[in-house]
Amino acid sequence: ITIAPMHLREAFWWKLSRPITGIMYHGWQSLVETDSPGAYRYTNPNTQYELQRLIHDVVQPLGPALMQIPDAPSDVAFLESFTSQMFARRGTFGWNQGDMYHVLMVAQLQPRVLYEESLLTGGLKDAKILVMADCDVLTQSVVREIQEFQRHGGLIVGDEEICPAIKPDFVLSRFARTAQADKDRDALQEAAKRLRTWLDPKYSRVVDSSNPNVVTRRRTFGTTDYVFAVNDHREFGTYVGEFGMVMEDGLPSTTSIRLGRTGGYVYDLVSGQELSTDVQADSLQVALQLGPCQGVVLMVTDRPIRDILIQTPPVAKHSEAIRIAIEITDGVSPLDAVIPVQVEIVDPEGRTAEFSGSYAAKSGQLRIPFDFATNDRTGVWEIRAKELATGKSALAYVRLK
């Protein structure tokens with residue numbers, strides 16, 4: 001059946017919080033009504049419009065920037081043991097069975113998946129925490145690496161079925177899902193709370209949320225942080241909720257996002273505005289109000305955005321190539337950030353020309369080569385640029401002769 005609109009919205013934001021290059025959805029026949037339904041069934045007419053809105057409001061304006069922002073380095077490793085999956089016949093098998101990864105997310109950790117081949121080639125070098133779920137059977141070489149990691153101060157979180165040769169520092173008991181979504185959510189959040197109670201005195205997060213229903217994730221470019229916050233607060237609705245297995249209606253949430261930095265300027269890239277901040281205990285704090293299953297991406301910079309500038313030649317000729325140079329600065333120099341920019345190139349009759357669209361100013365700079373065609377309208381062309389962090393805009397003009 002068709003995924004609920006709120007589920008699609010939340011899942012969409014979890015995709016964007018990763019450095020992906022594309023999005024794919026299964027089940028076209030569940031999204032739109034077709035003459036020949038197959039394995040999928042069209043049962044909710046509103047989902048397609050939610051996907052359309054997200055693409056229009058988020059993917060198109062922010063996509064070019066998000067594709068140039070790397071993932072943040074993570075010191076929490078999540079071991080996916082192929083050996084255990086083959087010999088103990090348990091594990092995630094790529095489908096996140098067992099919920100340990102979910103527990104880590106609710107505990108405001110950002111684990112990176114680690115495979116045994118990577119572990120044996122230095123994958124634990126920068127790790128502080130190794131999480132081992134469904135790691136019943138391990139090779140001797142992997143055990144030696146993990147024991148060496150622990151001897152040098154690394155923390156190990158495991159379940160009751162961990163390989164006997166490994167002595168975890170903390171055992172997180174597994175829980176079985178009951179097919180009652182509200183009870184399963186409570187059990188998951190309780191497991192995350194137990195983990196936090198043990199871990200917080202030993203480990204400092206770069207990003208944290210005061211509300212466990214709002215889960216965070218971080219990406220970085222240079223000195224700039226990009227913090228994703230996604231609202232997972234939900235209740236049973238009337239679409240499929242009466243069965244008790246799925247809470248498909250979102251609820252609003254409020255939270256305070258804490259960043260491990262003593263200062264900075266915070267911009268909401270979706271709404272295009274600067275947010276007010278507070279510094280407490282050497283941490284930057286941002287208050288957020290999130291709608292049902294809503295996600296946001298916050299750009300946190302060392303320096304403020306003051307100006308957006310456009311440079312073009314004042315005059316051009318047919319069949320001539322020009323360069324449109326755009327800079328986003330603090331009033332002096334370009335920002336060390338990837339900033340989404342909307343560019344419009346308008347001919348003398350008011351028509352939007354090719355190469356108009358969404359761009360990203362990497363390191364605060366954007367260069368767009370533009371070719372005038374032999375049959376382009378002569379006269380004054382207008383170039384408009386708007387950065388999407390604060391909404392500041394600039395204009396420039398080129399006379400085509």
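The values are calculated or read from the model by the stated rules, or taken from the named source; none is laboratory data. None of the values given here were measured: they were computed from a predicted structure. Please note: Cβ atoms are built from the backbone with ideal geometry, for glycine as well, and neighbour counts cover all protein chains shown. What goes into the accessible areas is simple: the full protein's heavy atoms, side chains included, and nothing from ligands, DNA or RNA. Shrake-Rupley method; radii C 1.70, N 1.55, O 1.52, S 1.80 Å.
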**Message:** Between 0 and 90 degrees, rounded to the nearest ten: what's the tilt of helix 5-16 against the longest Cα principal axis of the chain?
**Reply:** 80 degrees
**Asked** How much accessible surface area, in Å² rounded to 10, belongs to the heavy atoms of Glu274 with a 1.4 Å probe?
**Response** 100 Å²
**Request:** For the range 61-201, just the Cα atoms, rotate onto the principal axes and tell me the three extents in Å, largest first.
**Result:** 47, 41, 34
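Grab the Cα-Cα distance for Lys202 and Glu160, subtract it from 0.36 nm times how many residues apart they are, and report the gain in nm with one decimal.
Details: separation 42, 0.36 × 42 = 15.12 nm, distance 2.18 nm.
Value of the extension gain: 12.9 nm.
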**Item:** Cβ-defined net charge surrounding Leu155, 11 Å radius [Lys, Arg +1; Asp, Glu -1]
**Value:** 0
**Complete:** Volume per residue (Å³) of the convex hull spanned by the alpha carbons of the range 236-281 is 133 Å³
**Prompt:** By the scheme Lys and Arg +1, Asp and Glu -1, what is the net charge of all other residues having a beta-carbon under 15 Å from that of Gln110?
**Reply:** +4
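Quick check: with the 1.4 Å probe, what order do Met247, Met105 take by accessible area, largest first? Kindly include the intermediate steps, with their values, before the conclusion.
Details: Met247 10, Met105 35 Å².
The most accessible residue leads, giving Met105, Met247.
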**Heavy-atom accessible area ranking, 1.4 Å probe, most first, across Lys15, Lys183** = Lys183, Lys15
**Asked** At what distance in angstrom do the alpha carbon centres of the range 70-120 and the range 129-162 lie from each other?
**Response** 12 Å
**Asked** With every protein chain left in place, what is the accessible area per residue of the chain in square angstrom, probe 1.4 Å?
**Response** 49 Å²
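May I ask you to give the percent of accessible area on the range 159-262 that is carbon plus sulfur, with a probe radius of 1.4 Å? Provide the component values of the computation, followed by the final result.
Numbers: 2670 of 4950 Å².
Reported share for carbon and sulfur atoms: 54 percent.
I'd like the GluC sites (Glu not before Pro) in the range 142-180 restricted to DSSP loop residues with at most 15 other Cβ atoms within 10 Å, sorted by number. Could the numbers behind the result be given before it?
Numbers: sites: Glu145, Glu148, Glu160, Glu161; in loops: Glu160, Glu161.
Answer in residue order: Glu160.
Can you tell me the order of 277-288, 369-380 when each peptide is scored by its average per-residue count of other Cβ atoms within 10 angstrom, highest first?
277-288, 369-380
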**Asked** Local charge sum around Phe87 (other residues, Cβ-Cβ under 12 Å, Lys/Arg +1, Asp/Glu -1)?
**Response** 0
**Prompt:** Do any of Lys202/Lys362; Lys167/Lys202; Lys128/Lys193 go past 25 Å between their Cα atoms, and which?
**Reply:** Lys202/Lys362
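What is the range 208-258's relative contact order, in percent, from Cα pairs under 8 angstrom and six or more apart in sequence?
Numbers: 77 pairs, mean separation 19.5, N = 51.
Computed over the range 208-258, the figure is 38 percent.
Return a whole-number percent for the relative contact order of the range 192-289, with Cα pairs under 8 Å and 6 or more residues apart as the contact set. Intermediate values should be presented prior to the final figure.
On the way: 151 pairs, mean separation 21.6, N = 98.
Here the relative contact order equals 22 percent.
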**Complete:** In Å³ per residue, the alpha-carbon convex hull of the range 1-140 encloses 149 Å³
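Ordered by packing density, taken as the mean number of other Cβ atoms within 10 Å over each peptide's residues, highest first, how do 197-206, 303-312 rank?
Output ranking for 197-206, 303-312: 303-312, 197-206.
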**Request:** Give me the angle, in degrees from 0 to 90, between the Cα long axis of helix 140-151 and the longest principal axis of the Cα atoms of the chain, rounded to the nearest 10.
**Result:** 80 degrees
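Roughly how large, in nm² to one decimal, is the mean projection of the convex hull of the alpha-carbon atoms in the chain? Present the calculation step by step, with values, prior to reporting the outcome.
Working: hull surface 97.1 nm².
Reported value for the Cα convex hull: 24.3 nm².
Peptides 137-143, 16-22: what's the order by average Cβ count within 10 Å, highest mean first?
Values: 137-143: 15.9, 16-22: 13.0.
Most protected by this proxy first, the peptides run 137-143, 16-22.
Give me the percent of accessible area attributable to carbon and sulfur for the range 319-401, probe 1.4 angstrom.
Values: 1730 of 3880 Å².
On the range 319-401, the fraction of accessible area on carbon and sulfur atoms equals 44 percent.
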**Complete:** To the nearest 20 debye, the chain has a Cα-centred charge dipole, built from +1 on Lys and Arg Cβ and -1 on Asp and Glu Cβ, of 620 debye
**Prompt:** Pairing the Cα long axis of helix 181-199 with the longest principal axis of the chain, what angle in degrees results, from 0 to 90 and rounded to the nearest 10?
**Reply:** 80 degrees
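Sorted by accessible area (1.4 Å probe), largest first, how do Lys125, Lys362 line up? Don't skip to the end; give the middle numbers.
Values: Lys125 170, Lys362 100 Å².
Sorted by accessible area, descending: Lys125, Lys362.
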**Request:** Could you run the Karplus curve 6.51 cos²θ - 1.76 cosθ + 1.60 with θ = phi - 60° over the range 380-396 and give me ³J(HN,Hα) per residue in whole Hz, x for Gly and Pro?
**Result:** 8, 9, 10, 10, 10, 9, 9, 8, 8, 7, 10, x, 5, 9, 8, 10, 8
**Asked** What relative contact order, as a whole-number percentage, does the range 253-390 give when Cα pairs under 8 Å and 6 or more residues apart are counted?
**Response** 24 percent
